[in-house]
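The values are calculated or read from the model by the stated rules, or taken from the named source; none is laboratory data. Keep in mind that this is a model prediction, so the values were computed, not measured. Counting neighbours? That spans all protein chains shown, and the Cβs are built from the backbone with ideal geometry, glycine included.
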Amino acid sequence: MNRVLACVLVTLGCLASGAFGQVVNYTLTAAPGTVTVAPGVTIPALLFNGQLPGPTIDVTQGQTLRVRFVNQLSAASSLHFHGINMVNGMDGVPGVTRPAIAPGQEFIYEFVVPESGTFWYHPHVEEQMTSGLYGMVRSYPSNPAADPPYDVDVPVILHDDTTQAGGFIGGMMGGTAPGLAGHFMNGATSAGQVPISVTSGQRVRFRFLNAAVRSHYVIALDGHSMDVTHTDGHRITTLTKQAIPIGAGERYDAIVTMNNTGTWSLAASGLFNRTTTVVRGVVSYVGSVASTPAASFVPTNLATGTLLAYSQLSGFGTTTAISASPTHTYPAVLAFNSGMGGMSFTINGQAWPAVTPINVALNDTIQLDFVNGPSPMAGSFVHPMHIHGHAWRLMGTAGGTANPPTKDTLIIYPVGLSGSSASVQFTADNPGEWMFHCHDSEHMMMGMMTTFAYTADFDADGLPDDVDWDAKSSLPALTISESSSAFAVGGVGAVKVQAAPGTLVNLYCGIPVAIPYLAPGLGTLYIDGAYPVIYGGTSIAQAGLDANFPYYVPPNAGLAGIRFALQAISWPMGTMGPFVSTWHPMTIY
């Protein structure tokens, strides 16, 4: 029987309809390294592909993005694609979607990018993001006319030092870098900036991303106003502003017409202290002989220019209206607590992981009413609230109920300031269990995090959406251990396949196919049937336990470095079968 089963993968290869089209491939390798952040100053960091920030990922709306994430860190990691509404199993939140990726292992994140705009990626292991693991995603519209015209596209990524003792990277990694405590733009201090070269008459699209761990900024370009066109990747009715406040996790796109020859400061201040420049870049016109602005220079429009405000935003084009009768309205009370049990940040009095998920049903309209407080001490904090897998519509803005702006990250200001409370709505249109949290990493790690959980079974695979690793696909999902010891020569581990209870599951391993093939109705083939396929055993999926395949790596040093693909075939009860699981690469070391 096993010999017959081993032939199934070969059969699927014959049935395959062909390679996927419109796939954009990237590899991101997370590893320790060094980075030069100022002339003559090189410090240790955690880096994607050896650079800070990580590579900018470019994709077109509707294309499939396939990112091979290779973890060469000393701890388990993941990738979260902030703001992109992908399928739940690709969301990269350990303990909520799939397990984290162990040191020495890899995972293929693959999903269709459904919208255009400015997004970003980072681990959902926050100390790793702090140490340098972050990068931008630019998704271009499938119809270029959907964007306003521009000539040059420039990422501007802000980041911060949370240690204030030797620099954000040196401090987190136990080293020191005197004088580097502070803030960073595109991976460098003010002293390390490479001028952005422009020509007179150009329309430059600046994509501003706040990838900071804790800091919130105001940004402005000296001598120029900015036409703000997008927020969190979503187009808005253009607003001309002198300065933009940007909270941790937020993005704004602004087009600047270069009509003032010279060399100018692209400066950022703290959100509540606009009289001090904390980091600045340089924008220089070709042929300009003007001197470079001092790092400490504070442009007039940064200090006193008109700020963009949420209340001024309006959605562009066709948007989903605000409902007068949402399906559910939930409070979102944000608080700080201290006592004998320690300190925590909470949502509705609960701190992660001891939280009760907010249950939703497909196509519900959900309204959240944010309140910062309830005490003066609790209300003194800024909370940049972020939702995964969805985007919310802001209420009480210039867009009214017909054209509200759409965002995925929202600053809730301290008590006593405008914006200390806010209401949003979103449509529950993406089954799974999704994080909802503060993007201030300290607040999140101290508990300000919960989930929205869909309670039905969208894909009718016998697994409730809130526990299904692939809530939109009825195919079984395969995972491997988060522990590096499970892949060492002589190590012990287990492969798990999530399937409905009672499902017969067979595990196979073999050579990864160069180009995956789609077998309609059966799944996607990732093991190359042209080479020997090894049968790895049979298991029955158990309620709450999945199908479990323990293994032992022989103590043979010659196995080190071998990379292979794991994939399972299942026969759910009452179906004709077979079905091919998701796959996972695995490397012995």
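Structure notes:
- Matching entry among Phe579, Phe564 (being touching a residue at least 60 places away in the same chain (Cβ under 8 Å) and of a type outside the set (Val, Ile, Thr)): Phe579
- Taking the stretch 334-374 as the range and being without any contact (Cβ under 8 Å) to a residue 60 or more places away in the chain, surrounded by fewer than 17 Cβ atoms within 10 Å (Cβ to Cβ) and assigned to a strand (DSSP E or B) as the test, only Asp369 passes.
- Looking across the stretch 503-530 at every residue that is at pLDDT 90 or above and not in a strand (DSSP E or B), the one that is surrounded by the most Cβ atoms within 10 Å (Cβ to Cβ) is identified as Thr503.
- In summary, Ala500 fulfils each of the numbered conditions (1) within 30 Å of Ala75 (Cβ to Cβ); (2) touching an Asp or Glu at 6+ places or on another chain (Cβ under 7 Å); (3) not in a strand (DSSP E or B) with the single exception of condition (1).
- Residue selected from the stretch 205-236 under the condition surrounded by fewer than 24 Cβ atoms within 10 Å (Cβ to Cβ), among the charged types (D, E, K, R) and modelled with pLDDT of 95 or more, by the criterion nearest to Thr130 (Cα to Cα): Arg207
- Against the conditions (1) free of Cβ contacts under 8 Å to residues at least 24 places away in the same chain; (2) touching a strand residue (DSSP E or B) at 6+ places or on another chain (Cβ under 8 Å); (3) under 20 Å from Gly247 (Cβ atoms), Ser296 satisfies every one except (3).
- Strands (runs of 3 or more DSSP E) enclosed by the stretch 91-160 - at least 3 residues per element that are aliphatic (A, V, I, L, M): 152-160
- Residue, modelled with the highest pLDDT, within the stretch 460-482, restricted to residues that are part of a loop (DSSP other than H, G, I, E, B) and more than 26 Å from Val355 (Cα to Cα): Ile480
- Subset of the stretch 311-333 that is hydrophobic (A, V, I, L, M, F, W, C) and outside any loop (DSSP other than H, G, I, E, B) - its residue that is surrounded by the most Cβ atoms within 10 Å (Cβ to Cβ): Ala332
- Residues being of a type in the set (A, V, I, L, M, F, W, C), surrounded by 23 or more Cβ atoms within 10 Å (Cβ to Cβ) and over 15 Å from the mean Cα position of the chain (by Cα) - total across the stretch 434-462: 3
- The listed residues are Tyr508, Tyr589, and the only one of them that is of a type in the set (Phe, Trp, Tyr) and more than 30 Å from Ala460 (Cβ to Cβ) turns out to be Tyr589.
- Strands (runs of 3 or more DSSP E) fully within the stretch 248-298 counting 2 or more residues that are of a type in the set (Lys, Arg), at pLDDT 95 or above and over 24 Å from Arg235 (Cα atoms): 273-285
- In the stretch 450-473, the residues that are over 16 Å from Ala428 (Cα atoms) reach residues that are buried (at least 18 other Cβ atoms within 10 Å of the Cβ) and of a type in the set (Ser, Thr, Tyr) with C-beta atoms within less than 6 angstrom, at least six apart or across chains, in these pairs: Asp461/Ser474.
- Residue that is assigned by TED's automatic domain parsing to the domain that holds Leu417 and within 30 Å of Asp253 (Cα to Cα), where the choices are Ser380, Ser314, Ser338, Ser375: Ser380
- For the stretch 371-398, a tally of residues being over 27 Å from the mean Cα position of the chain (by Cα) and at pLDDT 95 or above returns 2.
- For Thr257: the one exception among (1) closer than 29 Å to Pro149 by Cα; (2) surrounded by fewer than 18 Cβ atoms within 10 Å (Cβ to Cβ); (3) under 25 Å from the mean Cα position of the chain (by Cα): (3)
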